[in-house]
1. From the residues 14, 28, 114, which one has its Cα farthest along the dipole of the stretch 1-128 in the positive direction, the dipole being from +1 and -1 charges on Cβ of Lys/Arg and Asp/Glu about the Cα centre?
2. Between residue 54 and residue 294, what is the spin-label point distance in nm, taking each point 7 Å from the Cα along the Cα→C-beta axis?
3. Read phi for every residue in the stretch 68-75 and hand back ³J(HN,Hα) as whole Hz from Karplus 6.51 cos²θ - 1.76 cosθ + 1.60, θ = phi - 60°, with x for Gly and Pro.
4. Output the pairs from 82/161; 43/82; 82/236; 9/43 with a Cα-Cα distance over 22 Å in this structure; if there are none, say none.
5. With a/c under 1.5 counting as rounded, go ahead and sort the stretch 194-297 into rounded, prolate or oblate using the C-alpha gyration tensor (a ≥ b ≥ c being the square roots of the eigenvalues; past the cut-off, prolate if a/b is larger than b/c, else oblate).
6. Which longest run of the chain has no exposed loop site in it, a site being GluC sites (Glu not before Pro) in a DSSP loop with at most 11 other beta carbons within 10 Å, and the site itself not part of the run?
7. Please give the Cα centre distance for the stretch 139-174 versus the stretch 207-245, rounded to the nearest Å.
8. With Cβ to Cβ distances under 10 Å as the rule, what net charge do the other residues near residue 159 carry (K, R +1; D, E -1)?
Amino acid sequence: MNVKVFDTKEAQDLLKAAANVGSEDGSARVQQIVSRLLGDLFKAIDDLDITPDEIWAGVHYFNKLGRDGEAALLAAGLGLEKFLDIRMDAADKAAEITGGTPRTIEGPLYVAGAPLRDAVSRIDVNPDEDAGPLVIRGTVTGPDGEPVAGAVVECWHANSKGFYSHFDPTGAQSEFNLRGAVSTAVDGKYEFRTLMPVGYGCPPQGATQQLLDVLGRHGNRPAHVHFFVTTDKYRKLTTQINIEGDPLIWDDFAYATREDLIPPVVEKIGGTALGMKTDAYKEIEFNIALTPLVQGRDNQLVNRLRASATA
Ligand SMILES: [Fe+2]
């Protein structure tokens with residue numbers, strides 16, 4: 001029995017009352033968005049004949065999602081965060097902003113407050129037997145290819161277990177392990193001395209993985225390193241690099257991989273002199289090109305709730 005009630009006066013009056021569209025009170029913008037989303041949900045219930053049992057399963061899923069603190073993780077896993085990137089890319093294209101290192105998703109695991117160093121920072125605070133030493137270095141340049149001095153390059157990544165400090169359920173990592181911030185020198189150079197990350201998997205008992213299981217999808221990411229690059233001269237860049245050779249590079253559950261964000265991993269020696277844990281180490285050169293402000297402002301700066309800590 002598939003009845004359709006969406007277009008009835010009763011249902012339309014209910015939608016209008018619930019979203020309170022046209023009221024003098026509340027936020028007109030929120031009323032507009034709620035009206036649209038709730039209306040789309042009502043219509044979907046009609047069109048797909050979604051049952052009360054399915055609706056209540058969904059409602060209680062939101063409770064679990066909140067208890068697990070995974071709403072931002074689910075946003076990445078369902079491609080919502082990637083969709084925002086697709087829109088920002090399209091807006092850049094429409095505004096004829098070209099070049100620059102590609103953006104990709106921030107993800108939910110940034111922590112503000114990493115100690116800021118000049119040009120070079122060693123960020124592996126805790127020993128990690130299973131992770132080999134890694135240097136990530138490069139030059140930050142502006143739209144004309146000129147080195148940018150004083151840009152703040154932040155990076156964060158997982159350990160050899162796929163866990164991030166601050167969010168590590170084992171408690172094995174201290175605050176800001178594998179998280180760093182450096183200010184570029186006059187030559188625009190930055191360097192992080194760290195350990196090789198591995199890929200990340202969604203918490204197996206969490207709400208995100210629960211939904212992915214039902215969708216028949218995995219919840220894994222290839223090994224990667226996140227970056228923010230901030231300067232008052234150009235637009236902030238939010239991006240990541242993948243570790244070349246990871247089998248999941250093109251099968252990332254969060255859809256963050258991009259062609260230009262897989263720099264080669266090079267074998268090097270001389271790590272001891274750099275304070276690395278072995279003389280042989282791996283190096284990734286990742287050069288970062290920033291894009292210009294638009295009419296003096298960063299038109300794509302994203303404000304969202306972020307964790308913070310003090311070192
Ligand atoms: Fe990540």
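1. So the residue furthest toward the plus end is 114.
2. Simple spin-label model gives 3.8 nm for this pair.
3. Once rounded to whole Hz, the list reads 7, x, 10, 4, 6, 5, 5, 4.
4. Check vs 22 Å cut-off fails for 82/161; 43/82.
5. oblate
6. That would be 130-311.
7. For the stretch 139-174 versus the stretch 207-245, the Cα centre distance is 12 Å.
8. Summing Lys and Arg as +1 and Asp and Glu as -1 gives -3.
The values are calculated or read from the model by the stated rules, or taken from the named source; none is laboratory data. Worth saying up front: this structure is predicted, and the values here are computed from it rather than measured. Note that we place each Cβ from the backbone using ideal geometry, even for glycine, and neighbour counts take in every protein chain shown. Surface areas here come from the heavy atoms of the whole protein model, side chains and all, with no ligands, DNA or RNA. Shrake-Rupley method; radii C 1.70, N 1.55, O 1.52, S 1.80 Å.
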